Amino acid sequence: MTQDVEMKEQQAAPSNSVTSTGPSTLQQLKEIASLIETGAYAREVRRIVRAIRLTIALRRKLKASVLHWFLNFALVPGSEAHSRLLSYLPKEDELDMEVDTATSATPAPVKHSLPEFEIYCYLLVLIFLIDQKRYNEAKACSSASIARLKNVNRRTVDVLAARLYFYYSLSYELTGDLAEIRGNLLALHRIATLRRDELGQETLLNLLLRNYLHYNLFDQAEKLRSKAPRFEAHSNQQFCRYLFYLGKIRTIQLEYTDAKESLLQAARKAPVAALGFRVQCNKWAVIVRLLLGEIPERTVFMQKGMEKALRPYFELTNAVRVGDLELFKAVAEKFSTTFSSDGTQNLIVRLRHNVIRTGLRNISISYSRISLTDVAKKLRLDSENPVADAESIVAKAIRDGAIDATLDHASGWMVSKETGDIYSTNEPQIAFNSRIAFCLNMHNEAVRALRFPPNSDKEKESAEKRRERQQQEQELAKHIAEEDDDEF
Amino acid sequence: MDPKLTEVSQQFERFKAAFIRNDFDTCERLLSQLKVSLTQFRSLPPLFVDTPNATHELTLARDIYEHAVVLSVKIEDQEAFERDFFQLKPYYTDARGRLPPSAQEYPILGLNLLRLLVQNRIAEFHTELELLSATALENLCIKHAVELEQSFMEGAYNRVLSARQTVPHETYVYFMDLLAKTVRDEIAGCSEKAYDSLSINDARRILLFPSDQELFEYIKEDHPEWEIKNGYVIFQRAKESAPCKEIPSLQLINQTLSYARELERIV
């Protein structure tokens with residue numbers, strides 16, 4: 001699955017426009033380094049986040065020579081990290097001439113080596129190795145970095161660490177040894193929890209879920225998920241992934257309503273460029289909706305760039321919609337390789353009874369009374385005793401509330417009931433209320449998410465104005481407090 | 001050979017002899033001793049230490065637990081089954097690379113699926129199913145359980161019952177009998193909703209009772225709300241959601257006030 005990589009890259013897109021037109025890679029790296037430095041001294045995590053964003057934008061331009069230069073720049077030559085990281089890069093004499101000019105301009109190396117720099121260098125080299133498809137070296141490099149990380153306890157490193165964890169897992173996944181690092185990831189998650197590193201916890205939890213789901217260990221995944229501490233999401237990407245994994249687990253455990261919610265939310269929240277991820281979400285969401293007895297709209301399958309990938313699911317939906325068992329079987333067979341590579345084969349087996357249900361619902365809507373023999377014929381039930389089968393299937397559908405009808409055993413027919421008027425119940429009111437609540441909540445969350453840079457104008461504010469403003473604020477606060485008291 | 005290992009193997013031979021004699025009390029006694037002795041081997045899960053006899057020890061331990069599972073079915077103890085199965089499971093999953101596959105694997109996995117079905121733990125049933133490979137799904141024992149679940153979900157209860165004749169393994173019979181009871185409860189639940197009334201004859205046939213007497217007893221015990229009148233069983237229909245006649249004013253006032261407050265915050 002490549003969607004993870006795609007998501008990473010997308011994140012870089014907004015900042016791309018700023019940097020790509022600018023100076024050379026080397027200079028950009030220098031800027032990033034200074035960002036990290038100020039971030040580390042000022043304890044401002046935000047700057048480091050920005051540094052990472054800029055780095056990902058540079059990803060395509062990373063070359064061995066550039067890295068070589070940067071390692072010399074950022075790390076104390078001769079230090080352990082310096083020599084180890086250099087060993088992953090090609091030898092100096094293999095470098096292109098073009099860079100030599102830049103190398104000659106090497107500034108005096110930074111005297112003090114910040115742990116942030118060291119970790120950042122690990123990250124750079126790791127990304128480079130993965131892009132060069134040197135996975136075994138990437139594995140070694142990432143393991144070394146993780147070992148180093150365990151001894152660093154600084155909040156400003158956490159952001160870098162979260163990224164490293166991701167590439168650590170990715171490099172093992174690419175070589176197919178994901179099971180090996182499970183114990184390590186669990187230990188890292190524990191450390192992150194103890195250090196209250198929420199971003200790290202978030203990332204590691206997702207990596208663990210991915211690790212478990214890779215081997216279809218849904219039970220373990222769910223146990224970990226339900227026991228791991230939860231908090232407000234820090235990164236949108238990680239939250240999307242979490243929702244996707246959650247949706248998958250819930251689908252397997254037959255909690256379709258919750259699964260649908262998670263999957264649709266994941267698909268909606270995912271960045272536009274993360275096409276692979278969104279396609280996966282949509283595939284699962286389509287199946288879950290079918291299992292719920294809903295028919296996804298045609299527009300779902302016509303989303304840009306997804307038509308081809310969703311084609312098998314479109315035909316499947318069609319078969320379920322018509323309620324034709326034969327057609328359903330044909331489609332399931334035709335695309336069985338696609339379905340099993342998507343890991344949805346078992347879910348499709350589950351769909352069979354939804355096909356029967358839809359067929360039954362169509363019959364119940366069109367006929368006010370129909371004999372069970374005809375029901376069996378229309379559903380194309382092929383068994384020794386189709387009428388008895390039809391009878392028990394209809395009975396179960398009635399009990400599950402799929403159709404509103406009664407059976408008359410003596411005369412052997414099914415009588416459909418008139419559909420009631422939903423508007424005479426409280427139902428619409430409740431639905432309306434939940435939608436309003438959703439919108440209001442969305443607004444509140446948006447307001448809470450707003451961030452303001454420290455305002456320098458305020459300094460110039462005159463004393464009188466400040467007093468006025470403070471008074472207003474106090475009044476407002478009092479008002480809110482009173483309102484809270486009013487609440488029941 | 002390691003003396004500990006020899007001792008355990010000998011004890012296991014005694015267990016097997018008792019097992020064939022159907023002497024289940026002796027079996028249980030020996031089994032608990034065996035389980036205690038197994039804890040001394042460091043090559044077994046979860047440690048997986050690479051001792052010289054590791055393969056031999058693992059195979060022996062797996063064999064013991066396989067017998068334990070079958071024994072629990074024979075003495076009809078579902079809790080023991082669950083316990084033993086979970087002890088056995090790591091040998092099929094985590095030790096897969098260290099051992100040649102066991103011939104008993106699929107029958108026992110199928111048995112476990114059946115147990116989950118009987119206990120109506122469908123979510124766990126599907127979780128287990130996801131762990132199986134495509135070849136495992138083709139296996140007769142597994143397929144049997146999977147098809148049962150499908151018929152069960154559809155409501156084709158006749159097919160569930162007729163599957164008893166085609167059990168792939170003798171140990172399955174115990175669970176199939178239990179399943180028949182589950183099926184009856186399901187049918188009763190469905191009939192209650194689907195029919196207004198049934199003649200006693202039909203009800204007996206649908207609920208799979210050999211005699212009227214047993215039907216009456218079942219009704220008395222499990223469904224006292226059903227009425228028997230003039231040769232008919234009359235089901236009490238569940239009250240339908242009545243259309244709302246009055247306006248839930250207090251709730252509406254609360255909601256409207258909260259909207260107003262939220263809106264005020266926005267403007």
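Only the coordinates and a few stated rules stand behind these numbers; no lab work does. Because the structure is a prediction, the values reported are computed rather than measured. Here Cβ is always computed from backbone atoms with ideal geometry, including for glycine, and neighbour counts include all displayed protein chains.
The figures follow:
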| quantity | calculated |
| --- | --- |
| Qualifying trypsin sites (Lys or Arg not before Pro) for segment A:297-338 [loop in DSSP, other Cβ within 10 Å: at most 14] | A:304 |
| Three principal axis lengths of segment A:238-326 [C-alpha, angstrom, descending] | 41, 30, 15 |
| Pairs from A:63/A:269; A:260/A:304; B:16/B:89; B:35/B:74 whose Cα-Cα separation, in the structure shown, is over 29 Å | A:63/A:269 |
| Computed magnitude of the charge dipole of segment A:199-273 (debye, nearest 20; Cβ of K, R +1, Cβ of D, E -1) | 100 |
| Ranked A:180, A:391, A:261, criterion: other C-beta atoms within 10 Å, fewest first | A:180, A:261, A:391 |
| 3J(HN,Hα) from dihedral phi, segment A:173-181, Karplus parametrisation 6.51/-1.76/1.60, rounded to Hz, x for glycine, proline | 5, 5, 9, x, 10, 4, 5, 4, 9 |
| In nm, spacing of pseudo-spin labels at residue A:59 and residue A:34 (7 Å Cα→C-beta vector) | 2.7 |
| Computed magnitude of the charge dipole of the protein assembly as shown (debye, nearest 20; Cβ of K, R +1, Cβ of D, E -1) | 2160 |
| Distribution of pairwise C-alpha distances over segment B:110-267, 10 Å bins, in % | 9, 27, 21, 16, 13, 10, 4, 0 |
| Relative pair counts by distance (%), Cα atoms of segment A:22-81, 10 Å bins | 21, 50, 28, 1 |
| Helix-derived mean residue ellipticity, 222 nm - over chain A, DSSP H n ≥ 4, -39500 (n - 2.57), to 500 | -23000 deg cm²/dmol |
| Shape category assigned to segment B:55-201 from the gyration tensor of Cα positions, a/c cut at 1.5 | prolate |
| Length added when fully stretched, residue B:225-residue B:262, from 0.36 nm per residue minus Cα-Cα | 8.4 nm |
| Distance (nanometres) between label positions extended 7 Å along Cα→Cβ at residue B:22 and residue A:307 | 6.8 |
| Relative contact order of chain A, defined on C-alpha pairs under 8 angstrom at six or more residues apart (%) | 9 |
| Positive-end residue of B:31, A:144, A:288, charge dipole of the protein assembly as shown with Cβ unit charges | A:144 |
| Dimensions (Å) - segment A:330-395, Cα atoms, principal axes, largest first | 43, 27, 19 |
| For segment B:1-131: rounded, prolate or oblate by the Cα gyration tensor [a/c cutoff 1.5] | oblate |
| Whole-number D in µm²/s for segment A:114-198 (Stokes-Einstein; Kirkwood sum over Cα pairs; 4 °C, 1.567 mPa s) | 101 |
| Exposure proxy order (Cβ contacts within 10 Å, fewest to most) of B:159, A:435 | A:435, B:159 |
| Computed label-point distance, nm, for sites residue A:464 and residue B:134 using a 7 Å Cα→Cβ extension | 8.3 |
| Cα-based shape type of segment A:298-436, given that a ≥ b ≥ c are square roots of the gyration tensor eigenvalues and the cut on a/c is 1.5 | oblate |
| Dipole axis of segment A:134-260 (+1 Lys, Arg; -1 Asp, Glu on Cβ), positive-most option in A:208, A:251, A:192 | A:192 |
| Alpha carbon convex hull of segment B:1-40, volume per residue in cubic angstrom | 45 |
| Relative contact order computed over segment B:96-255 (Cα-Cα under 8 Å; 6+ residues apart), in percent | 17 |
| Helical mean residue ellipticity (222 nm; -39500 (n - 2.57) per DSSP H run of 4+; nearest 500) of chain B | -21500 deg cm²/dmol |
| Radius ratio Rg over Rh of chain B, counting only Cα atoms, Kirkwood formula for Rh | 1.17 |
| Long-range HN-HN contacts of residue A:405 with modeled amide H, under 5 Å | A:417 |
| Selected from B:254, B:78, B:56, residue furthest toward positive end of dipole (chain B; charges at beta carbon) | B:56 |
| Tilt relative to chain A, helix A:345-366 - C-alpha long axis, 0 to 90 degrees, to 10 | 40 |
| Cα-derived Rg to Rh of segment A:367-460, Kirkwood definition | 1.49 |
| Percentage relative contact order, segment B:167-234, counting C-alpha pairs under 8 Å, at least six apart | 30 |
| Rh (Kirkwood; distinct C-alpha pairs) - chain A, Å | 27.0 |
| Degrees between helix A:463-486 axis and first principal axis of chain A (Cα, 0 to 90, nearest 10) | 30 |
| Kirkwood hydrodynamic radius over Cα pairs of segment B:143-203, then Stokes diffusion coefficient at 4 °C and 1.567 mPa s, in µm²/s | 103 |
